[in-house]
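Trainee: Just dropping this structure here.
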Amino acid sequence: MPTVLPLPALLEEIRACRACADALPLGPRPVLQASATARLLIVGQAPGAKVHASGIPWDDASGERLREWLGIDSETFYDVARVAIVPMGFCYPGRGSGGDNPPRPECAPLWHEKLIDQLKGVGLTLLVGQYAQRHFLGGRRKPSLTETVAAWREYAPDYVPLPHPSPRNQPWLKRHPWFEHDVLPALQERVGALLAPAKHTAREAQSANKDSTMTKPAIDIQRVYGPLPEGGRHCFLVDRLWPRGLRKEALANVAWLKNVAPSTGLRQWFHKDPAQWAEFRKRYLAELDANPDAWQPLAEAAAEGHITLLYGSHDTERNHAIVLREYLEKQSKRK
Ligand code: SF4
């Protein structure tokens, strides 16, 4: 049986590592932080040149944005007793024509298992970028990073996949406003509960975690054309029109709540110009506000247990079911 090094000795060994020194333009300088008590584990890509120079993880514009996303300050972020930061490659890998090189492939196989096995207190792992997602999610990953991030509820409660917070990713954030509307509030709630100071009692932390949408996803959405969740009895079709090509028997156990869908005028307007997503969202939320009878059965079913909203749209990132779920989640928090 291989000897398990105590964590301080393991960290010392990592800091002395030169396994891929010949491939590192600025030489080895592993940048990470870890302790056995850490509750949150952040797995990013690899240090950039600025982080290599300072030796402080996420000490750059990407780190600032990541802290904003998590809703925590620098003091909390760098509290090694609460937050572990373990990138896919510990040393700066240099630059290629398209930006920083990928993390060195030697690093994670050499160190990750030994190190992460010792982080027994971790309750949530953030997978920042495609390398971390590939390594930790394997076959559960979706075909693209965007689809993986959009499916964040599937990976709860252990993981949250995130895009890279680099300022260069601003166009991605603009194209996918659901990330800020849906993912970040739930992420901040979960991280807040997880990193609550010790005076927060275990019972309170447990209760906050229980209510978090990242711990217990109560409302899923999916295209109606995929395989339905087993039993189908908690599924609701939320389109105004019956899905083209589907026979009634295929949705025999599904309740059809057509009146909760956007009005015909709004649906047709958005169909003509999907770039109006933000405006569509605003108008649909106003319709929901004005029509509580339509969504009340969904709110009641979601209070009882897990439900799935089914929709027909090809667009899995901008459709009314996303807005409806957001609305229902907000309603449940108001209670
Ligand atoms: S990148 Fe990883 S494997 Fe390579 S020298 Fe640094 S710590 Fe060692």
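Trainee: Using a cut-off of 11 Å between beta-carbons, work out the net charge of the residues near Trp242 (Lys and Arg +1, Asp and Glu -1, Trp242 not included).
Mentor: +4
Trainee: How would you rank Val160, Val238, going from fewest to most other Cβ atoms within 10 Å of each one's own Cβ?
Mentor: By the 10 Å Cβ count, ascending: Val160, Val238.
Trainee: List the equivalent ellipsoid semi-axes of the range 33-148 in whole Å, largest first, each obtained as the square root of 5λ for an eigenvalue λ of the Cα gyration tensor.
Mentor: Values: eigenvalues 80, 66, 46 Å².
Over the Cα atoms of the range 33-148, the semi-axes work out to 20, 18, 15 Å.
Trainee: As a test, work out the antiparallel percent of DSSP beta bridges whose residues both lie in the chain, rounded to the nearest 5.
Mentor: Once the DSSP bridges in the chain are tallied, antiparallel ones form about 10 percent.
Trainee: Continuing with the same structure: Of Tyr78, Gln268, Val254, whose Cα points farthest to the positive end of the dipole of the chain (charges on the beta-carbon: +1 Lys, Arg; -1 Asp, Glu; origin at the Cα centre)?
Mentor: Projecting each Cα onto the dipole axis, the largest value belongs to Gln268.
Trainee: Tell me, what does the Kirkwood hydrodynamic radius of the chain come to in angstroms if you use every pair of distinct C-alpha atoms?
Mentor: Here the Kirkwood hydrodynamic radius works out to 21.9 Å.
Trainee: Which three extents, in whole angstrom, do the alpha-carbon atoms of the range 219-334 cover along their principal axes, largest first?
Mentor: Largest to smallest, the principal-axis extents are 37, 36, 22 Å.
Trainee: Still on this structure, please answer the following. Counting only C-alpha contacts under 8 Å and six or more residues apart, can you give the relative contact order of the chain as a whole percent?
Mentor: Rounded, it is 15 percent for the chain.
Trainee: Past 24 Å, Cα to Cα, is the threshold; run Lys258/Lys282; Lys142/Lys174; Lys282/Lys330; Lys174/Lys258 against it and keep the listed order.
Mentor: Lys174/Lys258
Trainee: What does the charge add up to near Ala9, with Lys and Arg as +1, Asp and Glu as -1, over the other residues with Cβ less than 15 Å from its Cβ?
Mentor: -1
Trainee: What does the charge dipole of the chain about its Cα centre add up to, to the nearest 20 debye, if the Cβ of each Lys and Arg holds +1 and the Cβ of each Asp and Glu holds -1?
Mentor: 540 debye
Trainee: Can I ask one more? Of Ser144, Ser313, Ser332, how do they rank once you tally other Cβ atoms within 10 Å and put the fewest first?
Mentor: Details: Ser144 10, Ser313 19, Ser332 15.
Listing Ser144, Ser313, Ser332 from fewest to most nearby Cβ atoms yields Ser144, Ser332, Ser313.
Trainee: When the helices in the chain are scored as -39500 (n - 2.57) per DSSP H run of 4 or longer and the sum is shared across all residues, what 222 nm value do you end up with, to the nearest 500 deg cm²/dmol?
Mentor: Mean residue ellipticity, 222 nm, calculated: -11000 deg cm²/dmol.
Trainee: Let me ask another. What ranking of Leu310, Leu285 emerges when the number of other C-beta atoms within 10 Å of each C-beta is taken as an exposure proxy, fewest first?
Mentor: Ascending Cβ contact count within 10 Å gives the list Leu285, Leu310.
Since every read-out is calculated from the coordinates, none of them should be taken as a lab result. Computed from a predicted structure; not experimentally measured. All Cβ positions, even for glycine, are placed from backbone atoms using ideal geometry, and neighbour counts span all protein chains on display.
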